[in-house]
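Visitor: The structure that follows is given in the form of structure tokens.
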Amino acid sequence: MAGQQKGKLIILVLLLTSFGILTVGFMFSASDSKMAVNQPVNFPVLPPDTTMATLKGISLGRTLFKDPGLSADRKVSCSSCHQNENAYSDPGITFSRGNGTVHAARNTPALMNLQWKKSYFADGRAGHLSQTVVNAIQSPVEMASSISIVLARLNQSASYKKQFKKVFGTEDITEERLKRVFTEYLNTLVTSNSRYDTYSRKENLSYSDDEHRGMLIFKEKCTPCHNGELFTDESLRNAGTGTAADQGLGTLTGKPDDMGKFKVPSLRNIALTSPYMHDGRFATLQQVLDHYTGLKNEKGLDSTLYSNGTAGIALSSTEKKQLIAFMNTLTDPIFLKQGNY
């Protein structure tokens with residue numbers, strides 16, 4: 001009798017489990033309801049204009065993100081340079097290869113926590129995420145195509161017309177719809193599950209002595225620019241990296257006070273996104289820190305990079321080691337896998 005009851009219990013569990021799996025599968029395949037926005041508890045509040053997305057819209061945006069057919073030579077996709085397993089960066093590559101044999105003019109930025117950004121690109125020239133999509137498609141050093149050509153290709157695809165109909169109700173593929181599904185997918189790229197996050201939320205306080213000391217040094221000497229849970233204040237600053245060929249915001253505006261100013265990047269997942277700076281000049285975090293300790297007085301250098309009238313951030317070799325140990329805790333393993341679903 002006991003054996004029979006045990007057998008019935010096992011069968012019941014299996015049936016319930018199967019039903020649960022089928023139910024979840026149905027929800028994710030058939031639901032077109034709005035998704036709740038991802039608001040990590042330790043992050044700043046999302047902007048008031050944040051909109052919810054649908055599972056179908058996100059899925060379509062992801063498909064387009066990985067489609068090389070959007071480029072002129074049909075060989076380069078967004079994911080060619082923004083690889084999810086490397087925090088949506090192009091690791092080890094100074095200037096990513098675009099359409100044909102051309103290369104980008106700046107180092108590929110990692111994509112993450114985009115809904116909190118105030119501007120986009122190293123010179124901050126874009127105020128909305130959808131503008132980055134248009135730029136990627138039309139830039140001669142990226143996909144080298146045009147919106148009209150891409151729309152024509154997509155509207156000739158029975159598969160894409162079917163997918164757009166599922167999202168929008170009709171088969172028409174327009175620029176606004178294209179930008180919307182791209183944006184819906186890009187807004188899912190939220191990284192908030194690093195060891196630092198579990199430490200910050202007091203879920204796991206297992207920092208080593210070097211990591212903890214590195215965090216204290218970071219808060220003391222790096223937060224004027226890389227502050228808050230996003231590890232950037234979203235400003236544009238002169239960190240002594242401007243060149244004759246590229247003066248960042250200054251190249252865009254032509255104003256003397258803007259020369260050498262570039263967007264302060266987030267340091268999340270920083271251990272995976274080398275090389276560093278807008279032009280990929282540094283291969284390691286050690287080289288980055290050496291740059292900041294070795295700064296020289298120069299016109300326009302950001303005021304936060306001076307101490308008692310002297311340029312540079314004072315760091316000993318031990319402090320640099322501890323800072324790097326801390327920055328390694330900013331890697332989010334869950335984020336690196338989310339593109340593989």
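Visitor: Would you please classify the overall shape of region 143-279 from the alpha carbon gyration tensor, given that a ≥ b ≥ c denote the square roots of the eigenvalues, rounded means a/c under 1.5, and beyond that prolate means a/b larger than b/c while oblate covers the rest?
Guide: Cα axes put region 143-279 in the oblate bin.
Visitor: Hey, another quick one. Quick one: which residues, 5+ away or cross-chain, put their amide H under 5 Å from the amide H of ALA311? H built at 1.01 Å from N.
Guide: Amide H to amide H, under 5 Å and 5 or more residues apart or across chains, ALA311 pairs with ASN297.
Visitor: If the limit is 31 Å between Cα atoms, which of LYS75/LYS320; LYS118/LYS162; LYS34/LYS75; LYS56/LYS219; LYS117/LYS337 go over it?
Guide: Violating the 31 Å limit, Cα to Cα: LYS75/LYS320; LYS118/LYS162; LYS34/LYS75; LYS56/LYS219.
Visitor: Which semi-axis lengths, in whole Å and largest first, follow from the square roots of five times the eigenvalues of the Cα gyration tensor of region 271-317?
Guide: 22, 13, 7
Visitor: Report, by chain and number, residues whose modeled amide H sits under 5 Å from the one on PHE282, excluding near sequence neighbours (fewer than 5 apart, same chain).
Guide: TYR276
Visitor: Among GLY214, THR132, ASN107, flag the residue with its Cα farthest along the positive direction of the charge dipole of the chain, charges on Cβ as +1 for Lys/Arg and -1 for Asp/Glu.
Guide: Farthest towards the positive pole: THR132.
Visitor: A follow-up question, please. Aspartates and glutamates within cross-link reach of LYS165: Cα-Cα under 17 Å, excluding same-chain residues under 8 positions apart?
Guide: List returned: ASP32, GLU175, GLU176, GLU184.
Visitor: Additional query: Could you give the distance between the Cα centres of region 121-159 and region 91-110, to the whole Å?
Guide: Distance between centres, Cα-based: 16 Å.
Visitor: Through the Karplus equation 6.51 cos²θ - 1.76 cosθ + 1.60, θ set to phi - 60°, convert the phi angles of region 212-224 into ³J(HN,Hα) values in whole Hz; use x for Gly and Pro.
Guide: 5, 5, x, 5, 5, 5, 4, 5, 7, 10, 10, 6, x
Visitor: Right, next: Sort the chain into rounded, prolate or oblate with this rule: let a ≥ b ≥ c be the square roots of the eigenvalues of the Cα gyration tensor; rounded if a/c is under 1.5, and if a/c is not under 1.5, prolate when a/b is larger than b/c, oblate otherwise.
Guide: Oblate, since a/c reaches 1.5 and b/c is not below a/b.
Visitor: Now for a separate question. If packing is taken as the mean number of other Cβ atoms within 10 Å per residue, what is the order of 174-183, 100-109, highest first?
Guide: The densest-packed peptide leads the list: 174-183, 100-109.
Visitor: In degrees between 0 and 90, to the nearest 10, how far off the longest principal axis of the chain does helix 175-186 point, with axes built from Cα atoms?
Guide: So the helix axis and the longest Cα principal axis differ by about 80 degrees.
Visitor: Given Cβ point charges of +1 (Lys, Arg) and -1 (Asp, Glu) and nothing else, what value in debye, to the nearest 20, does the dipole of the chain about its Cα centre take?
Guide: The calculation lands at about 880 debye.
Visitor: Taking a ≥ b ≥ c as the square roots of the Cα gyration tensor eigenvalues, with a/c under 1.5 meaning rounded and otherwise prolate when a/b beats b/c, else oblate, which class fits region 298-341?
Guide: Oblate shape, in that a/c is at least 1.5 and b/c is the bigger or equal ratio.
Visitor: Output the relative contact order of region 48-207, whole-number percent, from Cα pairs under 8 angstrom with separation of 6+ residues.
Guide: The normalised contact order for region 48-207 reaches 25 percent.
Visitor: Continuing with this model, one more query. Counting only residues 5 or more places away or on other chains, whose amide H sits under 5 Å from the amide H of LYS261 once H atoms are built in the peptide plane?
Guide: Amide H neighbours of LYS261, under 5 Å, 5+ apart: LEU249, GLY250.
Visitor: Which angle between 0 and 90 degrees, to the nearest 10, do you get for helix 2-30 versus the longest principal axis of the chain when only C-alpha atoms count?
Guide: Between the helix axis and the principal axis of the chain, the angle is about 60 degrees.
Visitor: Just from its helices, what would the mean residue ellipticity at 222 nm be for the chain, if runs of 4 or more DSSP H residues each count -39500 (n - 2.57) and the sum is divided by every residue, rounded to the nearest 500 deg cm²/dmol?
Guide: Calculated at 222 nm, the ellipticity per residue is -12000 deg cm²/dmol.
Visitor: For the chain, what is the relative contact order in percent, using Cα pairs closer than 8 Å and at least 6 residues apart in sequence?
Guide: Normalised by residue count, the contact order of the chain is 19 percent.
Visitor: State the volume of the convex hull built on the alpha-carbon positions of region 198-341, expressed per residue in Å³ and rounded to an integer.
Guide: Taking the convex hull of the Cα positions in region 198-341, it is 130 Å³ per residue.
Visitor: Probe of 1.4 angstrom, ligands and nucleic acids ignored: what's the accessible area per residue over region 93-180, in square angstrom?
Guide: In whole numbers, region 93-180 has 49 Å² accessible per residue.
Visitor: Please work out how much accessible surface MET35 shows to a 1.4 Å probe, ignoring ligands, DNA and RNA, in Å² rounded to 10.
Guide: Counting only protein heavy atoms, the figure is 70 Å².
Visitor: Here's something else I'd like to know. Give me the 1.4 Å probe accessible area per residue for region 277-341, excluding ligands and nucleic acids, in Å².
Guide: 53
Visitor: Here is a follow-up. Of all the accessible heavy-atom surface of region 256-336, with the other protein chains kept in place and a 1.4 Å probe, what percent is carbon and sulfur?
Guide: Carbon and sulfur: 55 percent of the exposed surface of region 256-336.
Visitor: Next up: Mind listing the phi-derived Karplus ³J(HN,Hα) values for region 130-135, rounded to whole Hz, using 6.51, -1.76 and 1.60 with θ = phi - 60°, and x for any glycine or proline?
Guide: For region 130-135, the Karplus-derived couplings read 4, 5, 5, 5, 4, 4 Hz, x marking Gly and Pro.
Visitor: Taking all protein chains as present, what is the carbon and sulfur share of the accessible area of region 83-171, in % to the nearest whole number, probe 1.4 Å?
Guide: Within region 83-171, the accessible surface is 53 percent carbon and sulfur.
The values are calculated or read from the model by the stated rules, or taken from the named source; none is laboratory data. Everything numeric here is computed off the predicted structure, so don't read it as measured data. Please note: Cβ atoms are built from the backbone with ideal geometry, for glycine as well, and neighbour counts cover all protein chains shown. To get the accessible areas, we keep the full protein, side chains included, count just its heavy atoms, and leave off ligands, DNA and RNA. Shrake-Rupley method; radii C 1.70, N 1.55, O 1.52, S 1.80 Å.
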